[in-house]
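The values are calculated or read from the model by the stated rules, or taken from the named source; none is laboratory data. These numbers were taken from a predicted model, which means no experiment stands behind them. Please note: Cβ atoms are built from the backbone with ideal geometry, for glycine as well, and neighbour counts cover all protein chains shown.
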């Protein structure tokens, strides 16, 4: 049984009280990068304490915890502090080295982080017709590239085996489907040429219990996400997420 100590997500407080869990996850419910870390801990069956924070509130304590970055997620285990979501995935996927991946996997992870995700945010944040057309086309190319490389011999990206690639992209795939459909009238089924394969991959993960658990127990999770990202759809929100 996985032990997860959760802070009420609406209180936005940091609890520093020591518990039996050696691992602390500082997370923000809306953040796909933080959801990556949460999923990794669940999939790898690690006991941890979940601590909901507001990363925009740059208190002295939060900046100390996050090593001066002030961003979620942050994972602390003993003397180790990790502040990058991809590093967290690698740490718990392969704790001995954290880097023992094939060149193909590293290339795919780099593509997701440096091309696919920034292009999603650029499209979401685009407001004028010229930018919408340009960012839509760019994002569609990248999404089709990801879809075309999904292994056909199983339900996950690499085939039968669930992997770090699935963890790296699924939080963003969920937001792509939800937010772009709502704000940009972008329907993935109409844009992805290999949609049947993409849909099989997508639904296999979002229907899994470990993914459902990261929806923070909110009955209106999708509605809350849509409301939170409204400012992004109007061109606001964080700028760094759009940069490759």
**Q.** residue 14 vs. criteria over 25 Å from residue 121 (Cβ atoms), modelled with pLDDT under 95 and not assigned by TED's automatic domain parsing to the domain that holds residue 229
**A.** yes
Q) So how many residues does region 77-123 have that are in contact with a strand residue (DSSP E or B) (Cβ under 7 Å, 6 or more places away or on another chain), more than 17 Å from residue 162 (Cα to Cα) and either in the same structural domain as residue 165 (by TED's automatic domain parsing) or buried (at least 19 other Cβ atoms within 10 Å of the Cβ) (or both)? A) 2
Q: For region 175-204, enumerate the residues that are under 22 Å from residue 164 (Cα atoms), part of a helix (DSSP H, G or I) and in contact (Cβ under 8 Å) with a residue 40 or more places away in the chain.
A: 175, 176, 195, 197, 198, 200, 201, 204
(Q) For the list (1) over 20 Å from residue 211 (Cα atoms); (2) at pLDDT 95 or above; (3) in a loop (DSSP other than H, G, I, E, B), I need the number of the one condition that residue 134 fails. (A) (3)
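Conditions tested, residue by residue: (1) surrounded by fewer than 18 Cβ atoms within 10 Å (Cβ to Cβ); (2) in contact (Cβ under 8 Å) with a residue 40 or more places away in the chain.
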position: 147; (1), (2): no, yes
position: 151; (1), (2): yes, no
position: 173; (1), (2): no, no
position: 214; (1), (2): no, yes
position: 218; (1), (2): yes, yes
position: 222; (1), (2): yes, yes
position: 228; (1), (2): yes, yes
position: 243; (1), (2): yes, yes
Q. Regarding residue 194, is this residue in contact with a helix residue (DSSP H, G or I) (Cβ under 7 Å, 6 or more places away or on another chain) and either in the same structural domain as residue 36 (by TED's automatic domain parsing) or modelled with pLDDT under 95 (or both)?
A. yes
Q: Consider residue 36 carefully, then state whether it is outside the structural domain of residue 116 (by TED's automatic domain parsing), free of Cβ contacts under 8 Å to residues at least 60 places away in the same chain and assigned to a helix (DSSP H, G or I).
A: no
(Q) With the structure loaded, tell me whether residue 142 is within 26 Å of residue 42 (Cβ to Cβ), assigned to a helix (DSSP H, G or I), touching a helix residue (DSSP H, G or I) at 6+ places or on another chain (Cβ under 7 Å) and in the same structural domain as residue 228 (by TED's automatic domain parsing) or whether it fails that test. (A) no
